[in-house]
1. Charges on Cβ only, +1 for Lys and Arg, -1 for Asp and Glu, centred on the Cα centroid of the chain; of Leu21, Val123, Gly174, which one is farthest towards the dipole's positive end?
2. For the range 44-195, take the alpha-carbon Rg, divide it by the Kirkwood Rh, and send me Rg/Rh.
3. Shape verdict for the range 1-44, please, from the Cα gyration tensor: rounded (a/c under 1.5), prolate (a/b greater than b/c) or oblate.
4. Let me know the number of lysine pairs in the chain closer than 21 Å at the Cα, not counting same-chain pairs under 8 apart.
5. Tell me, what is the percent relative contact order of the chain, built from C-alpha pairs under 8 Å that lie six or more residues apart?
6. From the helices alone, meaning DSSP H stretches of at least four residues, give me the mean residue ellipticity at 222 nm for the chain, per-run term -39500 (n - 2.57), in deg cm²/dmol to the nearest 500.
7. For a distance above 25 Å, tell me the whole-number percent of Cα pairs in the range 17-125 that qualify.
8. Could you line up Glu55, Glu92, Glu138, Glu151 from fewest to most neighbouring Cβ atoms inside 10 Å?
Amino acid sequence: MIYYLTNPIFYVFLFMVLELLTYFKFMRKLRRIPLIISAILLLVFTNPSIYVLAERQWIGDYDKTDVEGKHYRYGLVLGGYSYWDWKRNRPEFSEIADRLLEAIQLYHHGVIDKVVLASDGSVISEKINPGLHGNAEEMRKYVERLGVRSEDLIIEPLANNTHENATFTIELLGDSIHQQRPLVITSAIHMRRSKLAFTQAGLDIDTYATDIDSPFLANGGYKFLQPGVIGRWTALIHEVVGYVAYQHRYSNEE
């Protein structure tokens, strides 16, 4: 249900259905209004310039990638970038796979000592839909083939959301994670909610943002009617709603 409520296409479709209802007598006074609203929504949510402005406001200072001269024991890669393809026995990656790729690069450059996969579809062993369970052992071998030594790769296979990413990873690593701030590696739009989750779980973190959409979309010339922008809006709205929900949750726990 949350997916539909955070998807702009749902509201475009909703007002188009309402427009059809205006042909009935009890709705006749509203004729054309739902159609106009749906057209406006479609123009707004396919306009890269509007999305870029919204994304930049949301990301704020969470687009940092400057780790020059710094060193971390743990680099925490938050999940959501892949799932395990059992038919082909390999991971399949989404467009946010640079969470993992950037972590591996940071490892090879000596910025982080250990890569922690804080759950993901490719490693998870507990899912509501059993058809989407991961394969942690084979994913471990896959990452090792990319140059991460076995002793430097840690997998947390149980978390289903960002809150659990924080709490389960802290439980897994124990006292050692409190000895030095870890580096959390995730998408720029996901970082605000991630930082809130870790802070509320009692852990200070440094952040490393990946897959920042704004420069890519801005270079596209700010054209109207780019359908790919709608998917980015869905992700951004999901983050905003999730952040508000986490704030409410944590305030109630206090």
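Bear in mind that the values in this text are calculations on the coordinates, not laboratory data. Quick caveat: nothing in here was measured; it's all calculated off a predicted structure. So basically every Cβ, Gly included, is an ideal-geometry build from the backbone, and we count neighbours across all protein chains shown.
1. Toward the positive end, the furthest listed residue is Leu21.
2. Radius of gyration over Kirkwood radius for the range 44-195 works out to 0.98.
3. Oblate, because a/c is 1.5 or more while a/b does not exceed b/c.
4. 8
5. 25
6. -15000 deg cm²/dmol
7. Of the Cα pairs, 54 percent sit more than 25 Å apart.
8. Sorted ascending by nearby Cβ count, the order is Glu151, Glu92, Glu138, Glu55.
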